[in-house]
Amino acid sequence: MKILVTGGAGFIGSAVVRMLIQDTDDEVCVIDKLTYAGNLESLATVIESPRFCFEQLDICDRSGVDAVFKKFKPDFVMHLAAESHVDRSIDGPGEFINTNINGTYTMLEAARKYWTGMDSEAQKRFRFHHISTDEVYGDLDDDGSLFREDTPYAPSSPYSASKAASDHLVRAWWRTYRLPVLITNCSNNYGPYHFPEKLIPLIILNALDDKPLPVYGNGAQIRDWLFVEDHARALYRVVSKGKIGDTYNIGGHNEKKNLEVVHTVCALLDELHPRVDKRSYREQITFVADRPGHDLRYAIDAGKIQRELGWQPEETFESGIRKTVVWYLRNKDTWCKRVLDGSYKRERLGVIS
């Protein structure tokens with residue numbers, strides 16, 4: 001197949017592209033604007049492949065997107081391009097509205113124009129896969145309840161509201177125009193090539209640089225953690241095998257309190273890269289003011305994708321987090337140093353005065 005991947009130089013997108021080039025015979029074209037969180041170095045292992053091409057492009061640029069569809073002629077679209085950091089959405093929601101809502105609208109209309117011009121056999125093959133988040137559901141009580149595909153939406157942040165809106169657009173294009181779409185909502189991803197504004201890479205790099213390890217509130221917020229390479233495999237299973245018009249939740253079966261995650265990272269660093277003074281990295285933990293509107297708990301019921309498509313995560317949290325810490329230790333002075341180009345100094349974002 002020929003697969004168009006938006007946001008393919010980002011964290012999850014680059015994992016998808018690396019998997020596609022390394023593990024399939026598919027051709028891949030990446031669209032990416034290359035914002036602060038998009039980096040071609042994340043594709044260094046596959047960028048020379050004859051089955052890979054790249055277009056630096058804003059997904060809101062309709063004429064540019066149309067040109068890529070016309071030139072590449074994809075069978076599948078995997079739409080991952082999005083602004084994704086909650087704290088940044090609190091500081092500047094406009095970029096999230098533009099990229100996540102207007103950009104998704106632009107992609108849907110470009111895809112619809114392209115799809116309607118196909119012959120009937122090509123139309124049957126075509127898929128538009130929209131990749132979203134579990135944050136659209138709001139939060140859960142700590143009572144064992146889970147997000148399911150029919151859970152009502154109740155987004156809390158500008159980020160999650162923009163993703164909820166984009167999900168609704170995709171469903172509307174299926175119902176109104178019969179554009180063949182699929183939607184996935186995933187839990188918190190972690191793994192290699194993650195921009196260090198997010199919890200796990202921030203904690204790793206701050207620990208190694210002898211900086212405070214910021215924990216919001218009391219650290220009791222619960223997330224379900226999904227190793228990014230497991231997620232990439234799930235996304236490919238959905239786009240190639242999923243039922244048109246359906247939604248699939250993707251989770252890692254790893255509910256952890258944020259403070260527990262930080263303690264785990266500190267313990268691994270104590271083992272793999274001990275401090276010179278032999279003290280634990282846990283001593284660098286600093287509790288800070290909580291995020292405005294911070295959701296208490298996310299937890300995914302991933303039963304549907306397991307029952308219908310046979311996917312389940314290969315990594316436990318213990319195996320995935322060890323691989324992640326090892327990767328950052330090995331790449332601290334290469335990839336990490338280059339993505340931290342000075343525009344982001346690991347400062348606190350999303351504080352309302």
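Only the coordinates and a few stated rules stand behind these numbers; no lab work does. In this text, all values refer to a predicted model and were calculated from it rather than measured experimentally. When we count neighbours, we look across all protein chains shown, and the Cβ atoms used for this are built from the backbone with ideal geometry, even at glycine.
For Asn218 and Met1 in the same chain, what is the full-extension length gain: residue separation times 0.36 nm, less their Cα-Cα distance, in nm?
That pair, Asn218 and Met1, stretches by 73.4 nm at full extension.
Sorted by packing (mean other beta-carbon atoms within 10 Å per residue), highest first, where do 183-189, 300-306 land?
183-189, 300-306
What percent does the relative contact order of the chain come to when contacts are Cα pairs within less than 8 Å and at least six residues apart?
Value for the chain: 18 percent.
Seen from all sides and averaged, what is the projected area of the convex hull of the Cα atoms in segment 133-289, in nm²?
10.7
Which semi-axes, in whole Å and largest first, does the equivalent ellipsoid of segment 207-352 have when worked out from the alpha carbon gyration tensor as the square roots of 5 times its eigenvalues?
Ellipsoid half-lengths, sorted descending, are 31, 19, 16 Å.
Mean-square fluctuation check for the chain, GNM, Cα pairs under 10 Å: which of Ser14, Ser156, Ser63 is largest?
Top of the fluctuation ranking is Ser63.
Using Cβ contacts closer than 10 Å as the measure, can you line up Thr264, Thr316, Thr99 from fewest to most?
Final ranking by Cβ density, sparse to dense: Thr316, Thr264, Thr99.
What would the Debye equation give as log₁₀ I(q)/I(0) for segment 106-145 at q = 0.29 Å⁻¹, counting only Cα atoms as equal point scatterers?
-1.01
Taking R0 as 30 Å, what FRET efficiency do you get between Ala154 and Arg112 from their Cβ-Cβ distance, rounded to the nearest 0.05?
0.55
Rounded to the nearest 0.05, what FRET efficiency is calculated for Asp119 and Glu283 with R0 set to 56 Å and r the Cβ-Cβ distance?
Efficiency, rounded to the nearest 0.05: 0.30.
So what are the ³J(HN,Hα) numbers for segment 49-64, from phi and the Karplus equation (6.51, -1.76, 1.60; θ = phi - 60°), rounded to whole Hz, Gly and Pro as x?
Using θ = phi - 60°, the values come out as 5, x, 9, 10, 9, 9, 10, 7, 7, 7, 5, 7, 8, 4, 5, x Hz.
Return the lysines within reach of Lys71: Cα separation strictly under 19 angstrom, same-chain partners fewer than 8 residues apart disregarded; answer none if there are no such residues.
Lys2, Lys33, Lys113
Suppose we keep just the alpha-carbon trace of segment 1-145; what are its Rg and Dmax in angstrom?
16.1, 51
Which whole-angstrom value gives the distance between the alpha carbon centres of segment 151-217 and segment 290-331?
Using only Cα atoms to place each centre, the spacing works out to 12 Å.
Could you put Asp295, Asp58 in order, starting from the residue whose Cβ has the fewest other Cβ atoms within 10 Å?
In increasing order of surrounding Cβ atoms, one gets Asp58, Asp295.
Tell me the relative contact order for segment 131-191 as a rounded percent, counting alpha carbon contacts under 8 Å between residues six or more apart.
Result for segment 131-191 is 45 percent.
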